Amino acid sequence: MLDANLQAGGRGVYSGFRCIRIGGTDVSADEAPYLDAFLPLKVAVRYPRLMGFTTLTYEDVFVNEQLAPATITVIRPGKFRRYRFVRLISNMVSLIKSGAYLAVALVAAAALVWLALKLKRFR
């Protein structure tokens, strides 16, 4: 899965896993909080023991898949956040980056205009 993301470039193909029940088995008390939770790929790589559940299995989640805002996201073992909050933070970071790129582009354009005016005076 990691290799597929690296080969695809950009955001990749996979964003993580959704923890689901194995067949008709009962979920253990330790694993119950993880039922129907989203496990991001970065978290799964950092905490591989989260992939070792006995009463839960995994379903791939692709980057173009929309998760419900009420979906629980695993931050680390035993720590969860609502997907709505995680998505909000991600959108804010993206907006800040876009603003920074725009500011750099405006400064560069202003510098080019200033330089052009400065060179025109010397002629």
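Read-outs: derived from the displayed coordinates by stated rules, not from any lab. What you are looking at is a predicted structure, and each value in this text was computed from that prediction instead of being measured. All Cβ positions, even for glycine, are placed from backbone atoms using ideal geometry, and neighbour counts span all protein chains on display.
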Answer residue from the stretch 51-65, given it is of a type outside the set (F, W, Y) and either in contact with a Pro (Cβ under 6 Å, 6 or more places away or on another chain) or in a strand (DSSP E or B) (or both) and is surrounded by the fewest Cβ atoms within 10 Å (Cβ to Cβ) among those: E59
Of all residues in the stretch 19-36 being in contact (Cβ under 8 Å) with a residue 24 or more places away in the chain and in a loop (DSSP other than H, G, I, E, B), the one that is surrounded by the fewest Cβ atoms within 10 Å (Cβ to Cβ): D26
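Quick grid of which residues meet (1) surrounded by 10 or more Cβ atoms within 10 Å (Cβ to Cβ); (2) closer than 30 Å to V13 by Cβ:
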| site | (1), (2) |
| --- | --- |
| L67 | yes, yes |
| R76 | yes, yes |
| L88 | yes, yes |
| N91 | yes, yes |
| S94 | yes, yes |
| S98 | yes, yes |
| A110 | yes, no |
| L117 | no, no |
